[in-house]
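The values are calculated or read from the model by the stated rules, or taken from the named source; none is laboratory data. Since this is a predicted model, take the numbers as computed values, not measurements. Cβ: placed from backbone, ideal geometry, glycine included. Neighbour counts: every protein chain shown.
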Amino acid sequence: MNGGVLVLGGTSEARALASALVGHGVHVVSSLAGRVAAPRLPEGEVRIGGFGGPDGLARWLTEHRIAAVVDATHPFAERIGASAAAGTRQAGVPALRLQRPGWEQSPGDDWHWVDTLADAAAALPGLGERVFLTSGRQGLAAFAGLSRLWFLVRCVDPPEPPLPPSHELLLSRGPYHVGEERDLMRRYRVDVLVTKDSGGSMTAAKLEAARELAVPVVVVRRPARPGMSAVSSTADALAWTLQRVNR
Ligand code: NAP
């Protein structure tokens, strides 16, 4: 390959960008971490697994003569973000961050912003007793000591232990709709919701359901993703990329 594009993926924006690039006749390789058992696959070439840190990524970019990299990974995938910033700099390959906008509070919302999952766990005892935990399968150890609370833990694949002692596990993947989120929260008598500020429409329905049911929400702020200029739409990422590749 000469002059192709690497999209660091695992998000719906990454899949949309890969499709658009394929549509423009660009050779695109999408890269996935390999964490999800049956990932939604983007169009174009796909490679699965880590690169071996920034040095491994820089080597891979040079070997595959990559002309441009778009880091379209999830807002909370910090390590690959840091690796992408350092590895692309090392290899001298132009790079762009594609990051969807965060969620915004609406009138009637009762949101409690925190910086980490540990802070979310610390905030919970004052807010509710039946927790809908939707922060993903990683880092749930932060909640493992909360033995007086009950948790409905929802994630795509089974979470990494340890988990809170009193919980029910719900394995599912969005998109979700407001009506079903409201029914779920009512059925389980959820009185507090925990989420990362993932942004996007695929999983936003829980926030609307929480507003309707007057359920407080603990929202984990996004980590900083320094080292790359960023855009928030697939269209902007596409325009940037098309300027840097041979078609
Ligand atoms: P992470 O902690 O930032 O990354 C851990 C390691 O996994 C990286 O150092 C890298 O290994 C490898 N890796 C991560 N994303 C990769 C990719 N797209 N292609 C190739 N290697 C990748 O990542 P994470 O938070 O576990 O997320 C893993 C993937 O799931 C990401 O692609 C992300 O977009 C997606 N995702 C994450 C979340 C979340 O909440 N964190 C939610 C939804 C989807 P090497 O150092 O060996 O290169």
Legend entry - Selection status of Leu8, under 22 Å from Gly200 (Cα atoms), touching a Gly at 6+ places or on another chain (Cβ under 9 Å) and near the ligand (Cβ under 8 Å from one of its atoms): yes
Inset, instruction - Note down all Cβ pairs under 9 Å where the first residue falls in the stretch 67-85 and is under 17 Å from Ser229 (Cβ atoms), the second is near the ligand (Cβ under 6 Å from one of its atoms) and acidic (Asp, Glu), and they're at least six residues apart or on different chains. - result: none
Legend entry - Subset of the stretch 222-231 (residues that are part of a loop (DSSP other than H, G, I, E, B), at pLDDT 95 or above and surrounded by 15 or more Cβ atoms within 10 Å (Cβ to Cβ)): Arg222, Pro223, Met228
Inset, instruction - Would you mind telling me which numbered condition in (1) outside any helix (DSSP H, G or I); (2) near the ligand (Cβ under 10 Å from one of its atoms); (3) touching a residue at least 24 places away in the same chain (Cβ under 8 Å) Arg97 fails? - result: (2)
Legend entry - Matching option when the condition is assigned by TED's automatic domain parsing to the domain that holds Arg154, under 23 Å from the mean Cα position of the chain (by Cα), over 16 Å from Ser106 (Cα atoms) and of a type in the set (Val, Ile, Thr), among Val194, Val178, Val190: Val194
Inset, instruction - Sort out which residues of the stretch 52-76 are within 21 Å of the chain's Cα centre (by Cα) and not polar (S, T, N, Q), and write them in order of number. - result: Gly52, Gly53, Pro54, Leu57, Val69, Val70, Asp71, Ala72, His74, Pro75, Phe76
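Here's the yes/no breakdown for (1) in a helix (DSSP H, G or I); (2) in contact with a Leu (Cβ under 9 Å, 6 or more places away or on another chain); (3) more than 8 Å from the ligand (Cβ to nearest atom):
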residue	(1), (2), (3)
Arg47	no, yes, no
Asp55	yes, no, yes
Pro75	no, no, no
Ala85	yes, no, yes
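Results for (1) in contact with a strand residue (DSSP E or B) (Cβ under 7 Å, 6 or more places away or on another chain); (2) over 18 Å from Ala84 (Cα atoms), shown as yes or no for each residue.
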| position | (1), (2) |
| --- | --- |
| Gly9 | yes, no |
| Leu21 | yes, yes |
| His24 | no, yes |
| Ser30 | yes, no |
| Gly34 | yes, no |
| Ala37 | no, yes |
| Leu41 | no, yes |
| Gly50 | no, no |
